[in-house]
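Enquirer: Quick one: the structure is below, and I'll ask about it shortly.
The values are calculated or read from the model by the stated rules, or taken from the named source; none is laboratory data. A quick note: this is a predicted structure, and the numbers were derived from the prediction, not measured. For neighbour counting, all protein chains shown are included, and Cβ atoms are generated from backbone atoms with ideal geometry for every residue, glycine included.
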2 protein chains.
Amino acid sequence: MTPQVILLKENFTVAQALERIRRQANASEMIYYLYVTDDARRLSGIVSLRQLVTAQTEQKISEIISHDPIYVYTDTDQEEVARVIQKYDFLAVPVVDREQRLVGIVTVDDVIDIIQEETTEDIYALGGGVQSSGDNYFQTDLFTVARKRVVWLLVLLITNTVTGTIIKSQEDILQKVVTLAAFIPLLTGTGGNVGAQSSTVVIRGMNTDEIRSLGTVQVVVREAMAGAILGITLGTIATLWAFLLQGNLQVAIAVGTSLVAISILASISGSALPFLFRFMKLDPALMSAPFITTAVDVAGVLIYFGLARFILKL
Amino acid sequence: MTPQVILLKENFTVAQALERIRRQANASEMIYYLYVTDDARRLSGIVSLRQLVTAQTEQKISEIISHDPIYVYTDTDQEEVARVIQKYDFLAVPVVDREQRLVGIVTVDDVIDIIQEETTEDIYALGGGVQSSGDNYFQTDLFTVARKRVVWLLVLLITNTVTGTIIKSQEDILQKVVTLAAFIPLLTGTGGNVGAQSSTVVIRGMNTDEIRSLGTVQVVVREAMAGAILGITLGTIATLWAFLLQGNLQVAIAVGTSLVAISILASISGSALPFLFRFMKLDPALMSAPFITTAVDVAGVLIYFGLARFILKL
């Protein structure tokens, strides 16, 4: 935020205003918007330099001023400030305190830096729970780097531990049909990818507000249908491939049908969990991946072994 | 790009310039930068409205003009245009053709939209190879949605197929020690996550230019060391957990040591592959994940079974 702004009074003439700008320009970062305040320093209007230079010099500021200016508060979230500037194509937005007194402005170049920073945070969170500190990552020491990454890896290690425990509990069937083990990475991997796609578009849609036109239920239903289309496509291919690899049609069908179920499950959890985390005031970008992975891996392996037992009559 | 700009001549006085602005303001989106061209319409200088209002009315434009203005070409990549505006905190940048003739300007509000769009592209690519068309994803029909996602899923299905084939080829050892299968998701999953973290910071660093201070080799070495720290931490925990789960110390050691090797491998491929793809003029954000997954899964499973054979003397 920049506290230096050029203040005008409503009873100034345009000529007086231009004279004040001339004198104060060197001390002000932004001279293209001029702010009008009342005696209590409360923001009462905004006039742009564009309006001033196109007005007649003897006109009063009160005649050309925009009343009801758009402003933000000192405690408005920086993402929201960026959104206001972006929405209205402003070069700056005034910041007022709770008593409506003007305390400064946020300019569009600050907003670009904010967008850049928030984007890095989102990308880091989505791409592996790396915490962004706002520092240049490539100038941070290695132990700090490792510390920032290890928490998320440990959470996913626990997830994988659960999956491992489930596979371990299915050792009886694995002992009989050891080839079933060969398809576990394919099923959990594809499920994870389908879930990541759904959560990516939903989380990005939340951040750019593109999602507002649809309700939560509509988004989840839509993603579930996309998951079904993808599941049927991939399941068919996986069935063929599994049959070619090991020649057992029943195992191949178990792989293919599991993949359909897992894709639907993955797209539902991938689209629903971000809404849940947002509702719980947690960061969807950071929280979604571990929980989607857990849901997909655990339920996916159970579905797979369940179907295999059923189809192979074990 | 906006073609409407206000043009001035070097021999104008400030008063003449202000008069021209007054007359042309309604037809121009941006009146805060004024452009000076020569007789061949070539850009020769820029003057800001700030400079005009603080100058004396009888001064000549040639006295206050900035010669050697910064500009972009009509075929400059939009990301590069955004970078120029961001770097210099401009409100607009002039666009010239190859003969240096002024054809228009790109304003800062366009740049915010460009940054938003490019970010969506990067996030979609990183988060599962979803192609961004610039349309609102939530208004696109379901089959288009599925088509945009299926290519990447098929690439990863092939990856997983390779991993499956390798597991299948190890059936002899799996038959003897079926419990080895329980740790495959943990190893490939953790490797994938370590690799995703490295590629995320490297790709983001490329896009924000933060990485420029370091060379490729330095970045990869740095990430390999981070991978080693993470691998040792996670490997120790995984060894303990694997021992608790199934009581076989040799299997537990095979799991733990594999995890160290896989973490180092994952951080090397996660940091090196984006540089390789950039060098090959391919999009690192889109290409990295499938190849990192392949490298980590295939090499990881081979390392794991190799170590298990060695430690268990099979």
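Per-residue answers, yes or no, for (1) in contact with a helix residue (DSSP H, G or I) (Cβ under 7 Å, 6 or more places away or on another chain); (2) free of Cβ contacts under 8 Å to residues at least 60 places away in the same chain; (3) under 28 Å from B:Val130 (Cα atoms):
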residue	(1), (2), (3)
A:Thr165	yes, yes, no
A:Ser169	no, yes, no
A:Val178	yes, yes, no
A:Ala182	yes, no, yes
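Enquirer: I would also like to ask the following. So, in region B:23-37, of the ones that are in contact (Cβ under 8 Å) with a residue 24 or more places away in the chain and not aromatic (Phe, Trp, Tyr), which residue ends up nearest to the other protein chains (Cβ to nearest Cβ)? Outline the logic, then answer.
Expert: Taking region B:23-37 as the starting set, the residues that turn out to be in contact (Cβ under 8 Å) with a residue 24 or more places away in the chain are B:28-37.
Now drop any that are not not aromatic (Phe, Trp, Tyr), which leaves B:28-31, B:34, B:36-37.
Working: B:Ser28: 9, B:Glu29: 9, B:Met30: 9, B:Ile31: 5, B:Leu34: 11, B:Val36: 18, B:Thr37: 21 Å.
Result: B:Ile31.
Enquirer: If you go through region A:124-138 one residue at a time, do you hit one that is at pLDDT 85 or above and acidic (Asp, Glu)?
Expert: Checked against the condition, which is being at pLDDT 85 or above and acidic (Asp, Glu), region A:124-138 yields no hits at all.
Enquirer: Is it the case that some residue within region A:145-153 is among the hydrophobic types (A, V, I, L, M, F, W, C), crowded, with 19+ Cβ neighbours inside 10 Å, over 26 Å from B:Ile123 (Cβ atoms) and more than 7 Å from chain B (Cβ to nearest Cβ)?
Expert: There is no residue in region A:145-153 that is among the hydrophobic types (A, V, I, L, M, F, W, C), crowded, with 19+ Cβ neighbours inside 10 Å, over 26 Å from B:Ile123 (Cβ atoms) and more than 7 Å from chain B (Cβ to nearest Cβ).
Enquirer: Quick one: which of B:Val201, B:Val217, B:Val194 is among the β-branched types (Val, Ile, Thr) and over 19 Å from A:Val151 (Cβ atoms)?
Expert: On the way: B:Val201 fails: over 19 Å from A:Val151 (Cβ atoms); B:Val194 fails: over 19 Å from A:Val151 (Cβ atoms).
Every option except B:Val217 fails the conditions.
Enquirer: For region A:200-209, name all the residues that are buried (at least 22 other Cβ atoms within 10 Å of the Cβ) and more than 7 Å from every other protein chain (Cβ to nearest Cβ). Working first, answer last.
Expert: Filtering region A:200-209 down to residues buried (at least 22 other Cβ atoms within 10 Å of the Cβ) leaves A:200-204.
Residues satisfying the conditions are A:Val202, A:Ile203.
Enquirer: Pull up region A:173-194, narrow it to residues that are farther than 18 Å from A:Ala295 by Cβ and in contact with a Gly (Cβ under 8 Å, 6 or more places away or on another chain), then point me to the one that is farthest from the other protein chains (Cβ to nearest Cβ). Before the answer, list the steps.
Expert: At the first step, the residues of region A:173-194 found to be farther than 18 Å from A:Ala295 by Cβ are A:173-183.
Filter again for in contact with a Gly (Cβ under 8 Å, 6 or more places away or on another chain), leaving A:182-183.
On the way: A:Ala182: 4, A:Phe183: 6 Å.
For region A:173-194, the residue satisfying everything is A:Phe183.
Enquirer: For region B:165-172, does any single residue satisfy the condition of being charged (D, E, K, R), more than 7 Å from chain A (Cβ to nearest Cβ), within 20 Å of the chain's Cα centre (by Cα) and farther than 26 Å from A:Leu157 by Cβ? It would help to see each step written out before you state the result.
Expert: Taking region B:165-172 as the starting set, the residues that turn out to be charged (D, E, K, R) are B:168, B:171-172.
Still in the running and more than 7 Å from chain A (Cβ to nearest Cβ): B:172.
Filter once more, so that each one left must be within 20 Å of the chain's Cα centre (by Cα): none.
Scanning region B:165-172 turns up no residue that is charged (D, E, K, R), more than 7 Å from chain A (Cβ to nearest Cβ), within 20 Å of the chain's Cα centre (by Cα) and farther than 26 Å from A:Leu157 by Cβ.
Enquirer: Now for a separate question. Tell me, which residue of region B:210-237 that is at the interface with chain A (Cβ under 10 Å from one of its Cβ atoms) and β-branched (Val, Ile, Thr) is farthest from B:Ile253 (Cα to Cα)?
Expert: Top of the filtered list is B:Ile211.
To keep it simple, each residue is scored yes or no on (1) over 17 Å from the mean Cα position of the chain (by Cα); (2) of a type in the set (A, V, I, L, M, F, W, C).
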{"residue": "A:Gly227", "(1), (2)": "yes, no"}
{"residue": "A:Gln250", "(1), (2)": "yes, no"}
{"residue": "A:Phe279", "(1), (2)": "no, yes"}
{"residue": "A:Val301", "(1), (2)": "yes, yes"}
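Enquirer: Confirm whether B:Ala238 is closer than 28 Å to A:Leu187 by Cβ and out of contact with any strand residue (DSSP E or B) (no Cβ under 7 Å at 6 or more places or on another chain).
Expert: Numbers: closer than 28 Å to A:Leu187 by Cβ: yes; out of contact with any strand residue (DSSP E or B) (no Cβ under 7 Å at 6 or more places or on another chain): yes.
Answer is yes for this residue.
Residues are listed down the side, and each one gets a yes or a no for (1) at pLDDT 90 or above; (2) touching a Pro at 6+ places or on another chain (Cβ under 8 Å):
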residue: A:Thr2; (1), (2): no, no
residue: A:Thr13; (1), (2): yes, no
residue: A:Asn26; (1), (2): no, no
residue: A:Leu43; (1), (2): yes, yes
residue: A:Val72; (1), (2): yes, yes
residue: A:Asp97; (1), (2): yes, no
residue: A:Thr107; (1), (2): yes, no
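Enquirer: Within region A:96-128, restricting attention to residues that are aliphatic (A, V, I, L, M), in contact (Cβ under 8 Å) with a residue 24 or more places away in the chain and under 24 Å from A:Asn207 (Cβ atoms), which residue is farthest from the other protein chains (Cβ to nearest Cβ)?
Expert: Only one residue tops the list, namely A:Val106.
Enquirer: I need the full set of residues from region B:165-188 which are more than 19 Å from B:Lys313 (Cα to Cα) and among the basic types (Lys, Arg), in order please. Don't jump to the end; show me each part of the working.
Expert: To start, the set of residues in region B:165-188 that are more than 19 Å from B:Lys313 (Cα to Cα) comprises B:165-166, B:168, B:182, B:184-188.
B:Lys168 - this is the single residue of region B:165-188 that is more than 19 Å from B:Lys313 (Cα to Cα) and among the basic types (Lys, Arg).
Enquirer: Within region A:230-249, track down each residue that is aliphatic (A, V, I, L, M) and crowded, with 21+ Cβ neighbours inside 10 Å.
Expert: Listed by number, the residues that qualify are A:Leu230, A:Leu234, A:Ala238, A:Ala242.
Enquirer: Restricting to region B:1-42, name every residue that is of a type in the set (A, V, I, L, M, F, W, C) and either more than 19 Å from B:Val103 (Cβ to Cβ) or part of a strand (DSSP E or B) (or both). Walk me through it before giving the result.
Expert: Start the filter on region B:1-42 by keeping residues that are of a type in the set (A, V, I, L, M, F, W, C), which leaves B:1, B:5-8, B:12, B:14-15, B:17-18, B:21, B:25, B:27, B:30-31, B:34, B:36, B:40.
Once the filter is applied, which keeps residues that are of a type in the set (A, V, I, L, M, F, W, C) and either more than 19 Å from B:Val103 (Cβ to Cβ) or part of a strand (DSSP E or B) (or both), region B:1-42 yields B:Leu7, B:Leu8, B:Phe12, B:Val14, B:Ala15, B:Ala17, B:Leu18, B:Ile21, B:Ala25, B:Leu34, B:Val36.
Enquirer: Across region A:43-71, what is the total count of residues that are loosely packed, with under 14 Cβ neighbours inside 10 Å and not in a helix (DSSP H, G or I)?
Expert: Looking only at region A:43-71, we keep the residues that are loosely packed, with under 14 Cβ neighbours inside 10 Å, and these are A:56-58, A:63, A:66-68, A:70.
Cutting the leftovers down to not in a helix (DSSP H, G or I) gives us A:56-58, A:66-68, A:70.
Number of matching residues: 7.
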